[in-house]
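Q: This is the structure, below, for whatever I ask next.
The values are calculated or read from the model by the stated rules, or taken from the named source; none is laboratory data. Remember, predicted model here, so these are calculated numbers, not experimental data. Here the Cβ positions follow ideal geometry from the backbone for every residue, glycine too, while neighbour counts run over all protein chains shown. Accessible surface areas use protein heavy atoms only, side chains included; no ligands, DNA or RNA. Shrake-Rupley method; radii C 1.70, N 1.55, O 1.52, S 1.80 Å.
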Amino acid sequence: MPAAAEPMTPLPADDPELFGLDLRGLRRRWAATGALPPIGAERMTGADMLAQALGVPGQRLMEHAGVAVAAAVKAIAEATERWRKGPILILCGPGNNGGDGFVAARHLARAGAQVAVVLVSSNANPSTADATRNWNRLDNEPRVSRIHVSTGLELKVLAKDIDRASIVVDALLGTGVQGGLRDPIRSAVELILRARGAKVPIVAVDTPTAVDLTSGDPSEPVVQADLTVTFHRPKTGLLTRRGAALAGKVLVAPIGIPREADRG
């Protein structure tokens, strides 16, 4: 089933050369996807759901997204001379944005990194089936430490050694929120801000947490990323003045949503 981007572009999980590319190489690899017309959060959700209705497994979409994030994290770590200089910390929300983070953790570990994955949720398991499956798969990864935190206090303890992280990945929320963030997500964002203050590069998955993918309007507190990996098409919110300032550099990765699912 053809992807919405240029059909000759390998999808991330099917691209054997991906982890050898630097950030410029990734941008070139996904240039056709980045050149597509931008869409907002609602239309992206619709395309994702329709793709699954047409037979593309959500697990496969998540795998492509997570591999794309992992390749970008490795590239920025190498560009900043931080690859294997400390653990990669991935902060994951309970939904599919967190699921993308779990997939990224698996592939980064297999590329040789030490990875700490934090499920930030009041519940001990993710809230979607695809995310739960990828969370459980990390049990078999010796280079991955799984951590569950449900309170702001636990995140404050975790923040004490944040300067030891090589990269921090924001996989908390994939869309904006109405009003201010609540704990434990709020404290996780504050941890990311502390990491940024310690000069640790920040990579956001799909959008920096609390930046609306459609409007670019931020809630408070908000993540400011050095690099954002978004999927399928550019997002209108990341092209606005405020959204672009918070997203940093943006890569647009294909994830296998077919043209038939991409209405408009």
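Q: All but one of (1) crowded, with 16+ Cβ neighbours inside 10 Å; (2) outside any helix (DSSP H, G or I) hold for Pro37, so report the exception by its number.
A: Only one criterion is unmet by Pro37, namely (1).
Q: Name every residue in the stretch 179-230 that is basic (Lys, Arg) and either modelled with pLDDT of 95 or more or closer than 21 Å to Asp161 by Cβ (or both), in order of residue number. Working first, answer last.
A: Residues of the stretch 179-230 basic (Lys, Arg): 182, 186, 194, 196, 199.
Across the stretch 179-230, the qualifying residues are Arg186, Arg194, Arg196, Lys199.
Q: Only residues that are farther than 14 Å from Gly174 by Cβ and either outside any loop (DSSP other than H, G, I, E, B) or within 15 Å of the chain's Cα centre (by Cα) (or both): list them for the stretch 223-242, please.
A: Restricting attention to the stretch 223-242, the residues satisfying the condition of being farther than 14 Å from Gly174 by Cβ are 224, 226-227, 233-234, 236, 239-242.
Scanning the stretch 223-242 gives Gln224, Asp226, Leu227, Arg233, Pro234, Thr236, Leu239, Arg241, Arg242.
Q: When you scan the stretch 198-230, how many residues do you find that are within 17 Å of Pro38 (Cα to Cα), open to solvent by less than 10 Å² (accessible area, probe 1.4 Å), of a type outside the set (Val, Ile, Thr) and touching a residue at least 60 places away in the same chain (Cβ under 8 Å)?
A: The number of residues fulfilling the criteria is 1.
Q: What is the residue count in the stretch 138-187 for residues that are open to solvent by 60 Å² or more (accessible area, probe 1.4 Å), within 21 Å of Ala65 (Cα to Cα) and either free of Cβ contacts under 8 Å to residues at least 12 places away in the same chain or among the aliphatic types (A, V, I, L, M) (or both)?
A: The total comes to 2.
Q: I'd like to know if the stretch 98-119 contains one or more residues that are more than 24 Å from Gly20 (Cα to Cα), touching a residue at least 60 places away in the same chain (Cβ under 8 Å) and open to solvent by 30 Å² or more (accessible area, probe 1.4 Å). I'd like the intermediate steps shown before the answer.
A: Narrowing the stretch 98-119 to residues more than 24 Å from Gly20 (Cα to Cα): 98, 118-119.
This time we only want the ones that are touching a residue at least 60 places away in the same chain (Cβ under 8 Å), so: 98, 118.
Then keep just the ones that are open to solvent by 30 Å² or more (accessible area, probe 1.4 Å); that gives none.
No, the stretch 98-119 has no match at all.
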